[in-house]
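Undergrad: Handing you a structure now.
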Amino acid sequence: MFETPRKSIKTRDAWSESQEELSETQPVSPVGTGNRGKKKKKRKPQQHAEKQLASSLQICTGDPCERKEQSEKRYTDYDTDEPILRGIFQIGKKSHDVLLTSRRVTWSPIQPETPTGHVETLRHMECVELKDVFTVKVKRRRSAGQQTGGTLLGITLFQCQKKGSKLKNREIHFNNMSTDHCEIWFKNIKEILSGFQNRPKSLKVFVNPASHKKEAYEIYRDDVAPLFQLADIKTDVTISARKGHALSILKESNLDAYDGVVVVGGDGSVAEVVHGLLLRAQMDAGRDTDSIFTPVRAPLPLGVIPAGSTDIVACSLHGIRHPVTGAMHIIMGNHQEVDVCSFSSFGRLLRFGFSAMFGFGGQTLALAERNRWMPPGQRREYAVIKTLANLNLCLGMFVCRPEDCELSYLPVKKVQTETLDPVKNESIKDEHVIEGSWSTTQGLFLNISVMAIPCLCSMAPRGLAPTTRLNNGSMALIAARNTSRSEFIKHLKRYNSVNNQFSFSFVETHTVQAVKLRPRSQGSWSDNVSEDNRDCEFKNPPIISSEETYLWNVDGDLLEAPSELLIRVHPQLLTLFGVDVEEAEEPHTKCSCI
């Protein structure tokens with residue numbers, strides 16, 4: 001219905017450029033043969049437009065002081081900004097008095113005066129905040145097959161409307177057939193919208209066509225691409241041909257021409273792009289990733305369009321699995337800082353990510369990967385049931401048993417301080433995180449989870465790690481020790497309910513900054529590691545040679561890591577397009593497998 005200019009233009013040229021490519025509102029079919037006996041009186045468009053122009057400009061061409069006084073008289077209680085434009089538009093089937101300020105567009109229906117000469121407009125007044133508007137377009141009516149020109153109908157504002165966690169596009173039509181009148185309004189609104197700096201103009205998009213039910217490309221083409229085009233965002237789209245394709249492009253391509261990166265896929269696709277963005281940032285900064293280092297932030301924000309089976313990152317970020325919501329967060333330039341984990345072994349960086357599971361989580365994913373011929377949902381349920389059934393057993397090459405591990409963690413200690421505000425003469429409470437001392441525990445563990453984000457999903461509406469947030473500078477460590485199969489199943493089923501899944505004697509949780517895990521079968525820590533020297537060990541990890549690898553589930557991807565793994569959290573290392581949410585609003589799906 002509406003078209004964007006062919007190329008980027010300055011505000012003063014926005015109107016003339018848009019006249020070349022304006023979409024039709026509804027095709028005007030050729031004159032039909034029905035109802036030939038009836039004659040309909042034709043209105044003259046030109047005369048109608050002139051009358052509308054005269055009435056709409058009547059207030060604007062009057063005395064400036066009188067206009068200001070009248071505007072303040074009717075709108076002071078609602079809008080305190082200085083009026084920029086005021087005119088008459090038809091909205092729906094009624095004529096409205098419309099006011100434009102630097103913050104909003106306000107309108108109210110024009111009503112006959114009362115016997116006292118007072119016009120009641122405030123009770124019917126409506127408005128739209130310009131910070132919620134992402135574009136303005138010219139509206140024209142064209143006949144079937146007509147590509148340019150057409151009858152001018154007015155202008156349309158496209159608003160990002162919020163309903164719970166869901167965002168959608170709302171069109172507000174302001175009809176007026178006066179070219180001069182619409183041109184003035186179009187230019188002024190366009191200029192105001194160009195002042196929002198965080199909104200991207202060029203994006204690098206990665207689409208994983210094999211994600212979930214292989215619907216990622218259709219989701220992008222049908223739901224996301226039209227919105228990007230409507231918002232005048234240029235896109236460079238890459239269809240991933242294989243695993244690691246996006247990573248190789250991010251490591252080699254020049255990203256200076258983009259304002260952000262977008263990934264359309266599941267958690268595995270998101271994890272690959274996150275790792276690629278951060279790895280590229282370390283390369284550009286000259287960081288040596290084969291040593292303990294402090295990572296630098298990724299220069300570009302990342303947008304997530306959910307198209308996977310669980311979409312944990314998207315649910316934690318947007319609160320809902322909804323592609324249009326993800327697209328609208330990108331278009332509006334909503335930024336959310338997010339903590340990221342680094343996974344390293346013997347001082348060598350393996351990857352960046354948000355969450356990891358060892359033991360039951362890794363074994364389940366490994367079994368699911370061996371049965372990729374199954375549909376995703378069926379494969380996931382089969383792997384969970386099979387792993388639970390074989391718990392504490394050894395069947396051929398697939399071992400389902402608790403892991404004998406030595407687990408060390410660096411807990412987070414928060415200290416509250418109070419300072420006096422000299423201006424307000426009030427005490428301000430502030431919370432600081434200080435580094436504690438390492439703690440070590442060992443024994444048999446069924447599952448160990450380390451998560452820097454809440455990990456919301458439909459099967460865990462409160463989150464796999466409900467005690468953490470996107471940017472609180474810490475990770476949640478959840479360790480389930482060895483117990484009976486029935487008790488462990490009760491623990492897993494709690495994730496799908498409102499009950500506390502950690503209220504079991506065999507489950508312990510900690511808020512940590514770093515975690516080290518090593519199976520005890522590989523020997524002990526090196527001699528320089530002791531209870532009194534753990535801070536030194538954190539900076540200089542022991543070198544233990546081992547060819548045996550262990551399976552980790554890192555953001556839904558299977559990672560084969562050496563016996564020793566060090567996980568650290570890096571506060572606000574990445575910027576995502578989105579906002580923080582407490583929990584998903586989408587109704588959760590009960591897991592039939594347990």
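The values are calculated or read from the model by the stated rules, or taken from the named source; none is laboratory data. In this text, all values refer to a predicted model and were calculated from it rather than measured experimentally. Here the Cβ is made from the backbone with ideal geometry for all residues, glycine too, and neighbour counts use every protein chain on show. When the accessible area is computed, the model is the full protein with side chains, heavy atoms only, and any ligands, DNA or RNA have been set aside. Shrake-Rupley method; radii C 1.70, N 1.55, O 1.52, S 1.80 Å.
Undergrad: Could you pull out which residues in the stretch 502-521 have an amide N less than 18 Å from a spot 7 Å beyond the Cα of residue 287, following the Cα-Cβ vector?
TA: Residues 513-515 qualify, since their backbone N sits under 18 Å from the label point.
Undergrad: Using protein chains only and a probe of 1.4 angstrom, how many square angstrom of residue 220 are accessible, to the nearest 10?
TA: Number for this one is 20 Å².
Undergrad: Continuing with this model, one more query. Nearest 0.05, what FRET efficiency do residue 151 and residue 335 give at R0 = 51 Å with Cβ-Cβ as r?
TA: Computed FRET efficiency for residue 151 and residue 335 comes out at 0.80.
Undergrad: Using only alpha-carbon positions, what ratio does the radius of gyration of the stretch 292-409 give when scaled by 2.2 N^0.38 Å?
TA: Compared with the compact-globule rule of thumb, the stretch 292-409 sits at 1.36.
Undergrad: How large is the translational diffusion coefficient of the stretch 202-334 in µm² per second when you combine the Kirkwood radius over alpha carbon pairs with Stokes-Einstein at 37 °C and 0.692 mPa s?
TA: D = 218 µm²/s.
Undergrad: Now a separate question. For a 22 Å ceiling on Cα separation, which of these pairs sit above it: 94/139; 94/163; 386/490?
TA: Listed pairs above 22 Å: 94/163.
Undergrad: What is the spin-label model distance, in nm, from residue 442 to residue 236 if the labels are put 7 Å beyond Cα along the C-beta direction?
TA: Label-label distance for residue 442 and residue 236, simple model: 5.2 nm.
Undergrad: What ranking, highest mean first, results for peptides 175-183, 142-150, 474-482 when packing means the other Cβ atoms within 10 Å averaged over each residue?
TA: Details: 175-183: 19.6, 142-150: 12.6, 474-482: 22.6.
Listed from highest to lowest mean packing, they are 474-482, 175-183, 142-150.
Undergrad: Moving on. Report Rg(Cα)/(2.2 N^0.38 Å) for the stretch 251-306, keeping two decimals.
TA: 1.18
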